[in-house]
Amino acid sequence: MTAKIISGKEIAEQIRRELKQKTDKLVAEEGVTPGLVTILVGENPASVSYVTAKQRAAKELGFYSIQDTQPASISEDDLLALVDKYNKDAAIHGILVQLPLPKHINETQVLYAIDPDKDVDGFHPVNVGKLMIGEARYLPCTPAGIQQLLIRSGTETSGAEVVVVGRSNIVGKPIANILLQKKDGANATVTICHTRTKDMAAHTRRADILIVAAGFPNAVTADMVKEGAVVIDVGVNRVGEKPSTKTPGKMVAILKGDVDFDAVKEKASAITPVPGGVGPMTITMLMENTLKSARHAAGLE
Ligand code: NAP
């Protein structure tokens, strides 16, 4: 069996077209423009490129967007004051603080300071708790993107054996929680594996849907996958560099997922590639959450 490729790039483009229509309608009918601020502290190159991509996506949708860059030396108190300023700014519906933050700043304190109504990353404990009880307004972006990939690729989750490799707060735990909910696009039987799991392959081989967020290449090999499984590879590993095809003289990272793609695609019924799988969905879901927040502020949801 050669797997169908689930293109996150195509599905993300489709969702962005839908978001653009909804945004235009909100602006035209309610006079409300979704507003997103991305706060970047320091100049970490990966963070700069993530924030740039988020700003570009917001602008393409016609959002009001602010890129607020602060020096790495900013104090925790000043950063908290900045978050508070945007909490009170009615033109801003979503606040994203790009992680990681410099070591002298307590990340948890800063994330907890964001108004839960503007927490479009879905990391505030109020939103984590709401997700747990099935009442989330904002699903965290990467797990929300994974659920959309499953729904829009026609993958049946109800009653499916889902195995998640990884239990991080940003991917593993929330995607397990989302797929467990008594809702459409969920209703799965979910197992989570981690470094203390005994015989991980025994679990992964039972999976109808295998979601891998372990953080290293080849964490899942073909012998660990059931024939016909749907495999979602969340991993992004920089394994080298190659010359850019777009900008002569520039080097770009060679990316690999957490799954042995070439071997696993011969066994799975469907699989996401890296790049072009989960990655494009994450930013798209950030835009969806920002639009939701704006619609909520306009009294529409
Ligand atoms: P993380 O915080 O490092 O968590 C990795 C998880 O995998 C941990 O729970 C760890 O278990 C588990 N694990 C590690 N080695 C294992 C092994 N040998 N067997 C079983 N479990 C193992 O990583 P993360 O933030 O969830 O990210 C995971 C991957 O997804 C990374 O490659 C990251 O770059 C990528 N990612 C991509 C996106 C995107 O938008 N595409 C977004 C977020 C993350 P313990 O808890 O026991 O240590």
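The values are calculated or read from the model by the stated rules, or taken from the named source; none is laboratory data. Here the structure is a predicted model, which means the values were calculated and not measured. Note that we place each Cβ from the backbone using ideal geometry, even for glycine, and neighbour counts take in every protein chain shown.
Residues VAL225, VAL239: which one is in contact with a strand residue (DSSP E or B) (Cβ under 6 Å, 6 or more places away or on another chain) and either more than 14 Å from the ligand (Cβ to nearest atom) or among the aliphatic types (A, V, I, L, M) (or both)?
Working: VAL225 fails: in contact with a strand residue (DSSP E or B) (Cβ under 6 Å, 6 or more places away or on another chain).
After ruling out the rest, the residue left standing is VAL239.
Does at least one position in region 92-102 carry a residue that is more than 16 Å from the ligand (Cβ to nearest atom), free of Cβ contacts under 8 Å to residues at least 12 places away in the same chain and assigned to a loop (DSSP other than H, G, I, E, B)? Outline the logic, then answer.
Residues of region 92-102 that are more than 16 Å from the ligand (Cβ to nearest atom), as a first pass: 92-95, 102.
Filter again for free of Cβ contacts under 8 Å to residues at least 12 places away in the same chain, leaving none.
No, region 92-102 has no match at all.
Out of everything in region 172-199 that is among the aliphatic types (A, V, I, L, M) and surrounded by fewer than 19 Cβ atoms within 10 Å (Cβ to Cβ), what residue ends up being farthest from the ligand (Cβ to nearest atom)? Quick ask: steps written out before the conclusion?
Step one: list which residues in region 172-199 are among the aliphatic types (A, V, I, L, M), which gives 175-176, 178-180, 186, 188, 190, 192.
From the residues that got through so far, the ones that are surrounded by fewer than 19 Cβ atoms within 10 Å (Cβ to Cβ) too are 180, 192.
Values: LEU180: 17, ILE192: 8 Å.
Looking at the filtered set, the residue picked out is LEU180.
May I ask you to say which residue of GLY154, GLY145 is at positive phi and either in contact (Cβ under 8 Å) with a residue 40 or more places away in the chain or surrounded by fewer than 19 Cβ atoms within 10 Å (Cβ to Cβ) (or both)? Can you show your working first?
Values: GLY145 fails: at positive phi.
Checking each option against the conditions leaves just GLY154.
Go through region 257-277 and report how many residues are part of a helix (DSSP H, G or I) and acidic (Asp, Glu).
Narrowing region 257-277 to residues part of a helix (DSSP H, G or I): 261-264.
Remaining after also requiring acidic (Asp, Glu): 262.
Number satisfying all stated conditions: 1.
Okay, residues lined up against (1) outside any helix (DSSP H, G or I); (2) out of contact with any Pro (no Cβ under 7 Å at 6 or more places or on another chain); (3) not assigned by TED's automatic domain parsing to the domain that holds ASP89:
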position: ARG16; (1), (2), (3): no, yes, yes
position: LYS22; (1), (2), (3): no, yes, yes
position: LYS25; (1), (2), (3): no, yes, yes
position: LEU36; (1), (2), (3): yes, yes, no
position: ILE39; (1), (2), (3): yes, yes, no
position: GLU43; (1), (2), (3): yes, yes, no
position: SER47; (1), (2), (3): no, yes, no
position: TYR50; (1), (2), (3): no, yes, no
position: LYS54; (1), (2), (3): no, yes, no
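Output the residues belonging to region 259-290 that are β-branched (Val, Ile, Thr), under 20 Å from GLY145 (Cα atoms) and in contact (Cβ under 8 Å) with a residue 60 or more places away in the chain. It would help to see each step written out before you state the result.
Start the filter on region 259-290 by keeping residues that are β-branched (Val, Ile, Thr), which leaves 259, 264, 271-272, 274, 278, 282-284, 290.
From the residues that got through so far, the ones that are under 20 Å from GLY145 (Cα atoms) too are 259, 271-272, 274, 278, 282-284, 290.
Within region 259-290, ILE271, THR272, VAL278, THR282, ILE283, THR284, THR290 qualify.
Could you please tell me which pairs satisfy a Cβ distance under 7 Å, a separation of 6+ or placement on different chains, a first residue in region 6-29 that is under 20 Å from ALA91 (Cβ atoms), and a second residue that is in a helix (DSSP H, G or I)?
LEU19/MET287; LEU19/GLU288; LEU19/LEU291; LYS22/LEU291; THR23/LEU291; LEU26/ALA294; LEU26/ARG295
Across region 289-301, which residue is farthest from the ligand (Cβ to nearest atom) among those that are of a type in the set (D, E, K, R) and part of a helix (DSSP H, G or I)? Reasoning before the result, please.
Of the residues in region 289-301, the ones of a type in the set (D, E, K, R) are 292, 295, 301.
Add one more test, that the residue is part of a helix (DSSP H, G or I), and what stays is 292, 295.
Values: LYS292: 19, ARG295: 24 Å.
Per the stated criteria, the residue is ARG295.
For region 278-288, indicate whether the set of residues that are at pLDDT below 95 and not in a helix (DSSP H, G or I) is non-empty.
No; the residues of region 278-288 include none that is at pLDDT below 95 and not in a helix (DSSP H, G or I).
Specify which of the listed residues (ALA214, ALA207) is closer than 19 Å to ILE178 by Cβ, more than 13 Å from the ligand (Cβ to nearest atom) and part of a loop (DSSP other than H, G, I, E, B). Explain how you work it out, then say what you get.
Values: ALA214 fails: more than 13 Å from the ligand (Cβ to nearest atom).
Step by step, each of ALA214, ALA207 is checked, and only ALA207 is closer than 19 Å to ILE178 by Cβ, more than 13 Å from the ligand (Cβ to nearest atom) and part of a loop (DSSP other than H, G, I, E, B).
Which count do you get for residues in region 221-242 that are in contact with a Ser or Thr (Cβ under 8 Å, 6 or more places away or on another chain), within 17 Å of ILE5 (Cβ to Cβ) and not in a loop (DSSP other than H, G, I, E, B)?
Count: 4.
Given the conditions (1) over 21 Å from GLY166 (Cα atoms); (2) near the ligand (Cβ under 10 Å from one of its atoms); (3) not β-branched (Val, Ile, Thr), report the number of the one that LYS256 does not fulfil.
Against the list (1) over 21 Å from GLY166 (Cα atoms); (2) near the ligand (Cβ under 10 Å from one of its atoms); (3) not β-branched (Val, Ile, Thr), LYS256 comes up short only on (1).
To keep it simple, each residue is scored yes or no on (1) part of a loop (DSSP other than H, G, I, E, B); (2) of a type in the set (Val, Ile, Thr); (3) in the same structural domain as VAL259 (by TED's automatic domain parsing); (4) within 11 Å of the ligand (Cβ to nearest atom).
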position	(1), (2), (3), (4)
GLY122	yes, no, no, no
VAL126	no, yes, no, no
GLY129	no, no, no, no
GLY134	yes, no, no, no
ILE146	no, yes, yes, yes
LEU150	no, no, yes, no
GLY154	yes, no, yes, no
GLY159	yes, no, yes, no
SER168	yes, no, yes, yes
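Among the listed residues LEU80, LEU96, which satisfies the condition of being out of contact with any Gly (no Cβ under 9 Å at 6 or more places or on another chain) and under 22 Å from ILE175 (Cα atoms)?
The unique qualifying residue is LEU96.
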